[in-house]
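All remarks here apply to the structure that follows.
The values are calculated or read from the model by the stated rules, or taken from the named source; none is laboratory data. The shown structure was predicted, so the numbers you read here are calculated from the model rather than taken from an experiment. FYI the Cβ positions are ideal-geometry reconstructions off the backbone, even for glycines, and counts take in every protein chain you see.
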Amino acid sequence: MSEDTSPFAATASAMGYLYQLRIALLRCTDLLESGAGWTVALEASDDIECVHNGKTGLWQLKHRAEGTRITDGTADLWKSLRVWASGVTAAVIDLDSAELFLLTTAEAPPSSAAAYLGPVHHRRDPSAAHRLLTEARSAARTRQQKKTAANPDAETKKSDLYGAWDKLPEPEQLRLLERVQILHNAEDIHATGTRLQGRAAIAVGHQYAVPFLERLEGWFFQRAIAQMGTAAGPITGTEFDEAFSSRRNQFRPDNLPIDDDVIDLLGETGLHTDKTFVRQLGLACIGSARVRIAVREWLRASTQRDRWTNGNLLLPGEIASYERRLTEEWEVRFEAMRDELGDQAAEEAMTAAAKALYRWVEQEARIPIRRGCEEPFITTGSFHMLADDLEVGWHPQYAARLMTLLEPAGSR
């Protein structure tokens, strides 16, 4: 990161990190087309490292403002050469199997070193690029020498940019440049996002492309953080294929996505004691541990249903239809319970019956909103949402008792 601590520098740095993640994700979708025998790692040997078919692709990324040019003396170019030259010297980079990429949003002027090092199958001339870089290095050395007397530290600081390159013999410099591909005028972070959205549309259709990509990016970003923190190895093709496929399957017509962070929600009973569904559990004398579970299931279901609604993932009237199914399943059991109890049942008998009915909700009621969406908390949590609206209940006299409890004091 630059020594510049202004908000603009911080924003550019953050944009660069996000760009790195998006380009890595785009590379994964590219590689997936060839199968699953590959790996991708971030901040390993380079910004991005891709291993595939016996080749190691090392990627340097530069996200620059519009109008930026990558000339023969540009620091971005020399910083990349420094990284690669250092890797060659340390025997970390094997030029027989390495492919070196500099992906930059900057423009390479015609007949510049960067232009001569363009992608394969384009006009390339590594020898001409080496000549131009040698001239640029000589000019930089002359400038450094002129500044040495006035500021000796400037020589040391500036030489760091070129030192690793200078240590390579000329044949090795040429050999390195033959492996370099400079991809200039690259799409910026926003255009890269649009390309990813296009890949998502191919997988799930344009209607669901955005929510699908949001979930895939969420998984990928967390996985990349784990990999960069050494908590996990590189992202493998098999792993990415499974993550991609499982999320794509959640957008089939018979399914709905269940978000990982929603599954992690726990809920705190103390924050929801005034909820009607919690009071319903109190009428049935449900223990505190089970109340805590109920709050968790309610929170997960309500959060997930809100996301489906906000993401336009539900069909018109689908929630109403689902709640009707739940209510009708409950009604059959509730009315059977009341018939068995009769009108003169003791409180103990009514409480026992309420517990039995609620036990059905906890352990047996598995009514998916769609055939492929079988997460249990959707059913149990939705029952609690209905209980909160007094559409269903567990105690035989839940409606009358809760109406009394919830009635404002001044209206009694």
Hey, can you tell me all the residues within the range 251-279 that are closer than 30 Å to Q222 by Cα and of a type in the set (D, E, K, R)? R252, D254, D259, D260, D261, D264, E268
Within the range 168-198, track down each residue that is within 16 Å of L21 (Cα to Cα), assigned to a helix (DSSP H, G or I) and not hydroxyl-bearing (S, T, Y). I189, H190, A191, G193, R195, L196, Q197
Could you go through the range 73-82 and let me know if any residue there is of a type in the set (F, W, Y) and either assigned to a strand (DSSP E or B) or surrounded by fewer than 17 Cβ atoms within 10 Å (Cβ to Cβ) (or both). no
Is it the case that some residue within the range 331-347 is assigned by TED's automatic domain parsing to the domain that holds F383, at pLDDT 95 or above, more than 22 Å from L402 (Cα to Cα) and out of contact with any helix residue (DSSP H, G or I) (no Cβ under 9 Å at 6 or more places or on another chain)? no
I'd like to verify a number: residues in the range 191-204 that are among the small types (G, A, S) and touching a residue at least 40 places away in the same chain (Cβ under 8 Å), how many? 2
Does any residue of the range 281-297 turn out to be of a type outside the set (A, V, I, L, M, F, W, C), closer than 30 Å to A209 by Cα and assigned to a helix (DSSP H, G or I)? yes
Considering only the range 27-46, I want to know if a residue exists there that is hydrophobic (A, V, I, L, M, F, W, C), in contact with a Lys or Arg (Cβ under 9 Å, 6 or more places away or on another chain), assigned to a helix (DSSP H, G or I) and assigned by TED's automatic domain parsing to the domain that holds L132. no
What's the number of the condition D254 fails, among (1) in the same structural domain as T379 (by TED's automatic domain parsing); (2) assigned to a loop (DSSP other than H, G, I, E, B); (3) surrounded by fewer than 16 Cβ atoms within 10 Å (Cβ to Cβ); (4) not basic (K, R)? (1)
Provide a single number: the residues in the range 257-267 that are assigned to a helix (DSSP H, G or I) and among the β-branched types (V, I, T). 2
Of the candidates I367, I378, the one satisfying the condition of being at negative phi, among the β-branched types (V, I, T) and assigned to a loop (DSSP other than H, G, I, E, B) is I367
Only one of G67, G16 is in contact with a His (Cβ under 6 Å, 6 or more places away or on another chain) and either at pLDDT below 95 or among the acidic types (D, E) (or both); which? G16
Does any residue in the range 205-229 that is in contact (Cβ under 8 Å) with a residue 60 or more places away in the chain and farther than 20 Å from F251 by Cβ come within less than 8 Å, Cβ to Cβ, of a residue that is buried (at least 17 other Cβ atoms within 10 Å of the Cβ) and small (G, A, S) six or more places away or on a different chain, and which pairs are these? A224/A24; Q227/A41
Quick one: which of F240, F277 is closer than 20 Å to H395 by Cβ and surrounded by 13 or more Cβ atoms within 10 Å (Cβ to Cβ)? F277
Given (1) part of a loop (DSSP other than H, G, I, E, B); (2) of a type in the set (S, T, Y); (3) buried (at least 18 other Cβ atoms within 10 Å of the Cβ), where does Y322 come up short, assuming only one miss? (1)
Mind listing whichever residues of the range 284-293 are out of contact with any helix residue (DSSP H, G or I) (no Cβ under 6 Å at 6 or more places or on another chain), of a type in the set (A, V, I, L, M, F, W, C) and within 17 Å of W394 (Cα to Cα)? I286, I293
Going through (1) surrounded by 11 or more Cβ atoms within 10 Å (Cβ to Cβ); (2) on the phi < 0 side of the Ramachandran plot one by one, C285 fails only at (2)
